[in-house]
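S.K.: Please see the structure below; I have some questions.
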Amino acid sequence: MTTNGVELERYLPRLLENGLDAVNVSLDTLDPQIFQQITGKDKLYQVLAGIRHAVEAGLFVKLNVALQKNVNEKEWLEVAELTKILPVDVRYIEMMPIGYGKKYEPVDHRELLGRFKKIYPDLQRDESIHGNGPAVYYRIPKAKGSIGFISAIHGKFCQSCNRLRLTSQGKLKPCLCYGEEVDLMEILRGSEGVIRKWRLQECGTVELKNLSWENETAIRKELLRQRIFQAVSKKPQEHHFERVEEITEAKQMVQIGG
Ligand code: SF4
């Protein structure tokens, strides 16, 4: 589960009962004022309490940090050093120029890694598996957790991108850089119109008299499978975040669920 962590402590017992075993929490700062500036809420201590309880409950905990120049950049080391005392992964995510991110300049991870290596010349590459995401991990010697870099801009890991995002409106998004979407809601909740369209294409008729519930479900499943394949086939070879005029995604991240 990925969360802003504000209600994590409150819902943790129920989440654990229902089998939650890992959680990603956004933690861009350890400064309450900057937290308020970024999120609009004075909830840092609530989030930290949620993280502490999640760790104590034995969950795998990843903390996501998006560094922004002139906002939270100065805390780049402080957040990473949480790994010295907590068995968590602190993951730096290069801020993408989508929605809110358009207003801020991201911190280049190539430079950030250089800074870490200066402070910790014995920084070790951590090759262990931390999930199936694109982060590249390192470890401060003797630390309990690792530091990950998700270099969305300068890393260009699109060739191995295994993500499709399903929005709350039931649209499947092949890529964060582009506005293209494939509608699944129509298939899942659409009226008979969807089936009629399919019947017309497949059988040349919209006759539905003998269509049982099982048959209708089977048709919807097949259409769903086709749309998912369609979304996968629309994944781009690579993004062009460096050429702002080519970014066609106009939504905020919160609308995408990314
Ligand atoms: S294909 Fe799109 S979503 Fe995947 S890594 Fe590239 S930019 Fe990100």
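The values are calculated or read from the model by the stated rules, or taken from the named source; none is laboratory data. Remember, predicted model here, so these are calculated numbers, not experimental data. Because the Cβ atoms are built from the backbone with ideal geometry, glycine has one as well, and the counts that use them run over all protein chains shown.
S.K.: Kindly indicate whether residue 41 is over 30 Å from residue 245 (Cα atoms) and surrounded by fewer than 21 Cβ atoms within 10 Å (Cβ to Cβ).
M.R.: Yes, satisfied.
S.K.: Looking only at region 210-243, how many residues end up being hydroxyl-bearing (Ser, Thr, Tyr), within 16 Å of the ligand (Cβ to nearest atom) and at pLDDT below 90?
M.R.: Number of matching residues: 0.
S.K.: Now, a different point. For the list (1) free of Cβ contacts under 8 Å to residues at least 60 places away in the same chain; (2) not in a loop (DSSP other than H, G, I, E, B), I need the number of the one condition that residue 228 fails.
M.R.: (1)
S.K.: With the checklist (1) over 24 Å from residue 53 (Cα atoms); (2) surrounded by fewer than 19 Cβ atoms within 10 Å (Cβ to Cβ); (3) touching a Lys or Arg at 6+ places or on another chain (Cβ under 8 Å) in hand, flag the one item residue 87 doesn't pass.
M.R.: Only one criterion in (1) over 24 Å from residue 53 (Cα atoms); (2) surrounded by fewer than 19 Cβ atoms within 10 Å (Cβ to Cβ); (3) touching a Lys or Arg at 6+ places or on another chain (Cβ under 8 Å) is unmet by residue 87, namely (1).
S.K.: So residue 70 clears everything in (1) free of Cβ contacts under 8 Å to residues at least 60 places away in the same chain; (2) away from the ligand (no atom under 16 Å from the Cβ); (3) surrounded by 15 or more Cβ atoms within 10 Å (Cβ to Cβ) except one condition, right? Which one?
M.R.: It fails just one condition, (3).
S.K.: Within region 184-193, identify whether any single residue is within 16 Å of the ligand (Cβ to nearest atom) and free of Cβ contacts under 8 Å to residues at least 24 places away in the same chain, and answer yes or no.
M.R.: No: region 184-193 contains no residue that is within 16 Å of the ligand (Cβ to nearest atom) and free of Cβ contacts under 8 Å to residues at least 24 places away in the same chain.
S.K.: Determine if region 122-139 includes at least one residue that is in contact (Cβ under 8 Å) with a residue 40 or more places away in the chain and basic (Lys, Arg).
M.R.: Yes.
S.K.: Can you tell me which residue among 9, 78 is farther than 21 Å from residue 147 by Cβ and either among the charged types (D, E, K, R) or touching a His at 6+ places or on another chain (Cβ under 6 Å) (or both)?
M.R.: 9
S.K.: Report, ordered by the first and then the second residue, all pairs with beta carbons closer than 8 Å, sequence separation of six or more or different chains, a first member in region 8-23 that is surrounded by fewer than 12 Cβ atoms within 10 Å (Cβ to Cβ), and a second member that is at pLDDT 95 or above.
M.R.: What qualifies is 21/59; 21/60.
S.K.: Related question: Look through region 151-183, keep the residues that are within 9 Å of the ligand (Cβ to nearest atom), surrounded by 15 or more Cβ atoms within 10 Å (Cβ to Cβ) and of a type in the set (Gly, Ala, Ser), and return whichever of them is nearest to residue 110 (Cα to Cα).
M.R.: 155
S.K.: What is the number of the single condition among (1) buried (at least 19 other Cβ atoms within 10 Å of the Cβ); (2) of a type outside the set (Phe, Trp, Tyr); (3) closer than 22 Å to residue 108 by Cβ; (4) within 9 Å of the ligand (Cβ to nearest atom) that residue 148 does not meet?
M.R.: If we test residue 148 against (1) buried (at least 19 other Cβ atoms within 10 Å of the Cβ); (2) of a type outside the set (Phe, Trp, Tyr); (3) closer than 22 Å to residue 108 by Cβ; (4) within 9 Å of the ligand (Cβ to nearest atom), just (4) comes out false.
S.K.: The conditions are (1) more than 16 Å from the ligand (Cβ to nearest atom); (2) modelled with pLDDT under 85; (3) not β-branched (Val, Ile, Thr), and residue 255 fails exactly one of them. Which is it?
M.R.: (1)
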